[in-house]
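What follows is one structure encoded as structure tokens, with my remarks underneath.
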Amino acid sequence: MESILLYALTAALYAVLAVYLWNTRWIQGRSTALSAAERGAMLVPGAMHSYLLWTVLFDASELHFGFGHALSAMLWLAVTIYWLENLFVRVEGIQPLVLGLAAVCAPLPAIFPGFASPAYANSLEFRMHLTLGMLAYSLFTLAALHALLMTVIERRLHGRNGPVHAGSNRLTGPLFSLPPLLTLESLLFQIIALGFALLTLTLVTGFIFSETLFGQAIRFDHKTLFAVISWGIFALLLAGRYLYGWRGRMALRYTLAGFICLLLAYVGSRFVLEVVLHRSVA
């Protein structure tokens with residue numbers, strides 16, 4: 001009961017912050033950066049979320065890591081990375097999205113506890129593979145949110161009356177104080193490149209782990225298929241960026257397509273197994 005209340009309180013605090021930042025930045029049009037008090041307020045549900053994840057992932061006798069745990073950990077990392085990122089690059093406007101998603105995903109382990117993981121889940125190789133995967137997921141989540149924000153900016157700048165400069169009144173509230181679109185695009189590709197490196201390491205450690213445990217480097221299933229497709233999409237996007245200068249809408253579409261495939265790879269397959277089929281993962 002105590003943990004359920006803590007899950008509910010964590011989700012409520014995330015939601016309150018999301019509504020507050022949506023109201024002050026998007027509704028009222030305030031373009032100021034996060035204050036010290038607002039940054040501190042974000043740390044409160046973050047710390048509670050950290051404790052909840054620690055208890056289910058590291059302090060429990062059996063490891064449970066279903067789709068609910070994956071989404072919860074992914075959004076905790078996304079909030080943490082965004083909080084740190086905003087210390088160096090002022091990227092306003094996506095706080096309500098990040099915190100709103102965290103409010104939805106934080107209590108999922110309590111709602112969908114999943115099944116106990118197999119014995120091999122306690123091995124160092126598996127935990128390293130899992131950690132790399134969650135870091136990659138979190139970075140691509142931020143990349144997808146950045147891409148959505150850039151899509152909004154691009155549509156504002158290229159409205160019905162034709163393109164205008166970034167300082168025009170079409171960019172209001174948090175959009176007005178953002179760095180230039182090219183700077184945001186460069187930051188997006190830096191996030192994607194780091195996420196791609198982590199995704200590559202995730203796949204490599206997964207193949208090594210599979211070889212050690214099952215005697216085959218690749219277990220062909222839906223998770224592997226979608227993960228490899230996602231890796232291919234991001235590899236193509238980065239190659240197109242550095243060889244042909246891909247940018248704009250093409251880059252945004254590739255980013256969102258790769259993220260959707262990656263989401264289907266682990267979260268989607270686990271959701272089907274645990275919730276639809278009521279089966280544990282072998």
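Structure notes:
- Filter result (in contact with a Gly (Cβ under 8 Å, 6 or more places away or on another chain), in a helix (DSSP H, G or I) and in contact (Cβ under 8 Å) with a residue 60 or more places away in the chain) within region 93-109: 109
- Yes/no for residue 5 being out of contact with any helix residue (DSSP H, G or I) (no Cβ under 9 Å at 6 or more places or on another chain), loosely packed, with under 13 Cβ neighbours inside 10 Å and either touching a residue at least 24 places away in the same chain (Cβ under 8 Å) or in a helix (DSSP H, G or I) (or both): yes
Bear in mind these aren't lab numbers, they're just calculated from the coordinates by the rules spelled out. This one's a predicted model, so the numbers in the text were calculated from it and none came from an experiment. Cβ coordinates were reconstructed from backbone atoms using ideal geometry, including for glycine residues, and neighbour counts include every protein chain displayed.
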